[in-house]
Structure formats: structure tokens, C-alpha cells
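See structure below.
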Amino acid sequence: MKIEKSKIMVIDDHPIIHDGLKTLLATENDLEIIETASSVEEALSKLKEKLPDIAIVDLSLGDTDGTFLIEQVKKLYPELLVLVYTMSEEKLFAERTAAVGADGYVMKTSPPATLKKAIRTILSGDLYFTPESKRRIIRKNQGRGNSPTTLLDTLSN
């Protein structure tokens, strides 16, 4: 019996990340990278041709930031799941990415098993954020976090 593989697109401006993730996931019988992109423009173009189940997106892209890409992707393809995979600190950016539609957030400093777990968690219909980030996101959505609490909160994406 053949297992249906979940299709993944990696959007990162570093080719070594594309190759590294392909190598990391090559042995997984349920996950497959079907496409990569290095910029927002390239990602949006390739998404028109081939829609994956999940996109793994870096926040630091050469031509713009990943938050802008996530906003655009969610407007065009609301069903597309998005996992942020970045060096940008989760405590600073997780809420912002969740607000524009990200389904999860993993630091590149995390062990490979964490990335695999995040992908599968999101594909199963759940969100993947650290407990601390989940608390902040929930509080903000409950109305307890509407006013900025730090100077960082006052900045636009």
C-alpha cells in the first residue's frame, strides 16, 4: 500500500536550507518537498503552478520579509498551511506571524525532530507554537493584549 505524501514548499533565500531540508526529509515516508523558492516573487509564481499542503517560510527573505509573503499567500490560498522556520526570535515575531495567518513557528536552532514534529502537527490540523507564544496569542485574541505592552509592539511588521 502506497502512503500519500504531504507536499511541502520551502521558501528561503539560502540554497543550503533548501538542500538541507530536502536531505532531512528524504527519508520520511509521509513528507515530500515538491518545490523551493528563494523570494516572494518566485514563491507566488510557483504557487500558481503547484499548490503544496504546507509552506515552510523564512521571515528573512532577500526582497522583502516573510510576514508580507504569509499575508499574500493567505489571501490567495487560505487553505495553504504555513510554518515559519527562521532565525528570528519567536518571542519577538510569533504573534505577528500568527496574526497574518501562520500556523506554526520553529527556530532554525531547534533540533531537526522539532521541525518534523511541527510539520506533522500543522498537517494534522493543530497549531505549533511554544506554550509561551500560545499564551500571548490567546491573550491578545481574548482582548487582554490589544494595547501595546512593549515598544516593539508599536512597530509595524
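The values are calculated or read from the model by the stated rules, or taken from the named source; none is laboratory data. Note that the structure is predicted; figures quoted are calculated from it, not measured. Glycine also receives a Cβ, built like all others from the backbone with ideal geometry; neighbour counts cover every protein chain displayed. Surface areas here come from the heavy atoms of the whole protein model, side chains and all, with no ligands, DNA or RNA. Shrake-Rupley method; radii C 1.70, N 1.55, O 1.52, S 1.80 Å.
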Those residues of the stretch 92-105 which are modelled with pLDDT of 95 or more and open to solvent by less than 10 Å² (accessible area, probe 1.4 Å) amount to Ala102, Gly104, Tyr105
Flagged pairs (Cβ under 6 angstrom, 6 or more apart or on separate chains; first in the stretch 27-49, more than 21 Å from Ser6 (Cβ to Cβ); second open to solvent by 30 Å² or more (accessible area, probe 1.4 Å)) are Ser38/Asp13; Ser39/Gly62; Ser39/Asp63; Val40/Asp63; Val40/Thr64
How many residues of the stretch 33-42 are in contact with a helix residue (DSSP H, G or I) (Cβ under 6 Å, 6 or more places away or on another chain), of a type outside the set (Ser, Thr, Tyr) and either farther than 14 Å from Ile119 by Cβ or part of a helix (DSSP H, G or I) (or both)? The answer is 3
Going through the stretch 29-67 in order, the residues found to be under 13 Å from the mean Cα position of the chain (by Cα), of a type in the set (D, E, K, R) and more than 12 Å from Met9 (Cα to Cα) are Asp65
The number of residues in the stretch 5-24 that are open to solvent by 40 Å² or more (accessible area, probe 1.4 Å) and without any contact (Cβ under 8 Å) to a residue 24 or more places away in the chain is 5
Note to self: Taking the conditions exactly as written (open to solvent by 40 Å² or more (accessible area, probe 1.4 Å), within 18 Å of Tyr128 (Cα to Cα) and assigned to a loop (DSSP other than H, G, I, E, B)), does Thr27 satisfy them or not?
What the structure shows: no
Taking the conditions exactly as written (open to solvent by 20 Å² or more (accessible area, probe 1.4 Å), more than 29 Å from Thr23 (Cα to Cα), acidic (Asp, Glu) and modelled with pLDDT under 90), does Glu89 satisfy them or not? no
Within the stretch 110-125, of all residues that are under 14 Å from Leu81 (Cα atoms) and of a type in the set (A, V, I, L, M, F, W, C), the one surrounded by the fewest Cβ atoms within 10 Å (Cβ to Cβ) is Leu123
